[in-house]
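Contents: one structure, followed by commentary.
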């Protein structure tokens, strides 16, 4: 089996769509179809169900997991050799749902290790376990739990998520509010796949409700601006309160124990982390998230 064929299979397995996979790989769809057919012929079994939409079957999922680990080990070997021969710390590849929370430790890390190349990747949480298994990235920071085998983790911090409104909103004078009281409110939030949208949906689903979403987007700053313009209300983590200077708003606690986020760093239990990646993990786990400084900054 050729490495390129295995890499192409992983893209098809992830997208479960031949034409989109071909576009991503920049190859013709008939060529990609032949590659998948050859793999299935070599293995002696179909990897996809083709009744209707293309779906990875159970055998395909089993093969995918082994291919991810195999290609991940090859990439880890390449990087380990590069680190050893170059005599440096190596490169660190970090994926996260948002980097706004991480600017402090990232800046401190770069000051301490200016020669290290830092590669940052935005990634939805549902894609993180795959990327770690395939060793596409070294570390992932998620604001929602990753339920996958073969991962290790360390909790970074836990915080409340509150409702933010304009100062003249009817709820602005409240110290807390229930989900039922928010049922008819217009919400401005993130797109599906983002932890903030997942939290909003879970809170409402627990009460058999559906949030009234009037706007969804990808930019936290734009969401905050739309809320401040009075176009709706939104859930915002307490961490953002420190960076919300100059934007008058009312912050209201949500009367639900689940209205929180726990930020966690994950890595693959089987992977060899470069020195640069281990130093990044230490920077994140030893960061004082309350003060925005390293733990020993005041010592």
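The values are calculated or read from the model by the stated rules, or taken from the named source; none is laboratory data. Given the structure is predicted, the values throughout are model-derived calculations rather than measurements. Cβ coordinates were reconstructed from backbone atoms using ideal geometry, including for glycine residues, and neighbour counts include every protein chain displayed.
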Residue check, residue 146 within 30 Å of residue 278 (Cβ to Cβ) and in a loop (DSSP other than H, G, I, E, B): yes
Examine segment 202-221 for a residue that is surrounded by 14 or more Cβ atoms within 10 Å (Cβ to Cβ), free of Cβ contacts under 8 Å to residues at least 24 places away in the same chain and over 18 Å from residue 238 (Cα atoms), and state whether such a residue exists. no
Residues located in segment 247-261, provided they are part of a strand (DSSP E or B), within 20 Å of the chain's Cα centre (by Cα) and surrounded by fewer than 18 Cβ atoms within 10 Å (Cβ to Cβ): 260
Among residues of segment 262-290 being in a loop (DSSP other than H, G, I, E, B) and modelled with pLDDT of 80 or more, the residue surrounded by the fewest Cβ atoms within 10 Å (Cβ to Cβ) is 290
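Return the residue satisfying two criteria in turn: it lies in segment 222-231 and is assigned to a loop (DSSP other than H, G, I, E, B) and on the phi < 0 side of the Ramachandran plot, and of such residues it is surrounded by the fewest Cβ atoms within 10 Å (Cβ to Cβ). Working first, answer last.
So in segment 222-231, the residues assigned to a loop (DSSP other than H, G, I, E, B) come out as 229-231.
So of that shortlist, the ones also on the phi < 0 side of the Ramachandran plot come out as 229, 231.
Numbers: 229: 10, 231: 14.
The selected residue is 229.
In segment 35-61, how many are surrounded by 11 or more Cβ atoms within 10 Å (Cβ to Cβ) and assigned to a helix (DSSP H, G or I)? Can you show your working first?
The first filter runs over segment 35-61 and keeps only residues surrounded by 11 or more Cβ atoms within 10 Å (Cβ to Cβ), leaving 35-40, 43, 45-49, 54-57, 59-61.
Retained after the next criterion (residues that are assigned to a helix (DSSP H, G or I)): 35-40, 43, 59-61.
Final tally of qualifying residues: 10.
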Boolean, residue 177 is at pLDDT 95 or above and buried (at least 20 other Cβ atoms within 10 Å of the Cβ): no
Considering segment 183-223, residues that are in contact with a strand residue (DSSP E or B) (Cβ under 7 Å, 6 or more places away or on another chain) and over 21 Å from residue 124 (Cβ atoms), and then whichever is modelled with the lowest pLDDT, we arrive at 184
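Criterion first (assigned to a helix (DSSP H, G or I) and either modelled with pLDDT of 90 or more or exposed (fewer than 12 other Cβ atoms within 10 Å of the Cβ) (or both)) does residue 108 satisfy it? Break it down stepwise before answering.
Details: assigned to a helix (DSSP H, G or I): yes; either modelled with pLDDT of 90 or more or exposed (fewer than 12 other Cβ atoms within 10 Å of the Cβ) (or both): yes.
Yes: the conditions hold for residue 108.
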Among the candidates 181, 162, residue that is part of a strand (DSSP E or B) and in the same structural domain as residue 237 (by TED's automatic domain parsing): 162
